[in-house]
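I have placed the structure first, in the form of structure tokens, so that the comments after it can refer back to it.
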Amino acid sequence: MHIAQVQSWPEGPRYVEVDDLPTPSNSQIQLRVLATGAHQVVRSRASGQHYSARELPHTVGVDCVGRDDATGQLYYLFTLQGGTFAERINAEKSIVYPLPSDVDPVSFAASVNPAMSSWMAITHRTTNLPKDFTTVIIGATSASGRLAAHSAKALGAGKVIGIGRNAATLENVDGLDDYVALRDPVVETDFSKVRDCDLVLDYVYGDTTVHLLSSLSKSKKTVQYVEIGCLAQRTAEIPGHLLRSFDLTIRGAGAGSWSISALQEELHTLVPTMARWKLLPARSVPLKNIDTAWKDASLASEGRLVYVP
């Protein structure tokens, strides 16, 4: 059997041959891996920079779409143990989630990880959102932002407004009810459309965040702001008076703010819900080519990458 394994952090993953898997235990299932995503967390773990992967050798990957050859059933698997960049994997039955037979394994493998960010933000980092709440997504044209529109609608949003730099791209984001195109400089952007929002999901951060919060400062509603990513800037200078001028809560959402066990529980709902969404397009790469493909910057610039054994 072949896997992608890191034997030296600076060297990166290599395609290596290992012994075949043992027969799965009664609590396990063996999956033939069909597609596994090269998410940012996967790349961070493969470089030895992530807290969850500090020992060598390291088998790459945290999730995959696989098939049980005995039944033909498709499953999604998420695990921080064992690695998923492999031809086959034994997994505990408690952490595999059945998929409809018509799901595209490559698109699904590309989409679940970015979708988790908004799903977990709404389910675990907000409280008492009103019925048919209005959600604003800063960075709505990013991979995670596009899926956030679906997450918000699935979790009860009545209206979703996207914010991004390109109006033409925003028009084609599935699930948005309206959008605001950022101007340059960002302080010239008119955010009047979003002043009645209940929830802000932010993948961008920085100056856009400050200007949006300033625009919401006269809001008479409770606004819940959740920072998820820093696509533009890592810092934001939020004046103290903004924190006192309206009913605002500020939280962050990521693996440190919710537990892996909470994520695994949410996947029981997220996975079958996502199977009905318009998923992300992805570029598939043969696993046997990982030695050269892993550091190929041109591949990384083409969008979501999925490795296929």
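Computed from the coordinates by the stated procedures, all read-outs in this text should not be read as laboratory data. In this text the structure is predicted, and so the values were computed from the model without any measurement. With ideal geometry, Cβ positions are generated from the backbone for all residues, glycine too; neighbour counts draw on all protein chains shown.
Counting other beta carbons within 10 Å of each Cβ, put Trp9, Trp294, Trp258, Trp119 in order, fewest first.
Values: Trp9 14, Trp294 23, Trp258 17, Trp119 26.
In order of increasing Cβ crowding within 10 Å: Trp9, Trp258, Trp294, Trp119.
Per the helix-only calculation at 222 nm, which mean residue ellipticity applies to the chain, given -39500 (n - 2.57) for every DSSP H run of n ≥ 4 and division by its residues, nearest 500 deg cm²/dmol? Working shown, then result.
Numbers: 9 runs with 82 residues, N = 309.
Value at 222 nm, helices only, nearest 500: -7500 deg cm²/dmol.
On a C-alpha basis, how far is the centre of the stretch 163-208 from the centre of the stretch 240-281 in Å? Whole number, if you could?
19
So which lysines pass the test for Lys131, namely a Cα distance under 18 Å, with those fewer than 8 places away in the same chain ruled out?
The qualifying lysines are Lys153, Lys159, Lys220, Lys221.
Match the structure shown to one of the listed values (1) 77, 44, 37; (2) 65, 50, 36; (3) 64, 38, 33 of Cα extents along the principal axes in Å, computed from it, and give that label.
(3)
At a 10 Å Cβ-Cβ cut-off, how would you order Leu216, Leu34, Leu201, fewest neighbours first? Can you show the working numbers first?
Working: Leu216 22, Leu34 19, Leu201 31.
The most exposed by this proxy come first: Leu34, Leu216, Leu201.
Could you tell me the relative contact order of the chain? Use alpha-carbon pairs under 8 Å, at least six residues apart, and round to a whole percent. Spell out each step's value before the answer.
Numbers: 632 pairs, mean separation 57.7, N = 309.
This gives 19 percent for the chain.
Given the options Ile137, Ser217, Leu170, identify the residue whose Cα lies farthest towards the positive end of the charge dipole of the stretch 126-252 (+1 on Cβ of Lys, Arg; -1 on Cβ of Asp, Glu).
Ser217
With an 8 Å Cα cut-off and a minimum separation of 6 or more residues, compute the relative contact order for the stretch 126-252 in percent. Intermediate results must be reported in sequence, preceding the final value.
Values: 249 pairs, mean separation 28.3, N = 127.
Taking the mean separation of contacting Cα pairs over the length of the stretch 126-252, I get 22 percent.
Quick one: putting +1 on the C-beta of Lys and Arg, -1 on the C-beta of Asp and Glu, what dipole do you get for the chain around its Cα centre, in Debye to the nearest 20?
Numbers: 29 positive and 32 negative charges, 114 e Å.
Roughly 540 debye, rounded to the nearest 20.
Antiparallel versus total DSSP beta bridges in the chain: what percent is that, nearest 5?
Bridges in the chain that DSSP calls antiparallel: roughly 50 percent.
Can you tell me the relative contact order of the stretch 42-192? Whole percent, Cα pairs under 8 Å, sequence separation 6 or more.
With pairs under 8 Å counted, the relative contact order is 13 percent.
How would Asp190, Asp207 line up from fewest to most surrounding beta-carbon atoms within 10 angstrom?
Details: Asp190 10, Asp207 17.
Lowest count first: Asp190, Asp207.
In whole Hz and in residue order, list the ³J(HN,Hα) couplings for the stretch 135-146 that follow from phi through the Karplus curve 6.51 cos²θ - 1.76 cosθ + 1.60, θ = phi - 60°; x for Gly and Pro.
Calculated HN-Hα couplings, in order: 10, 10, 10, 8, x, 6, 9, 6, 4, 5, x, 4 Hz.
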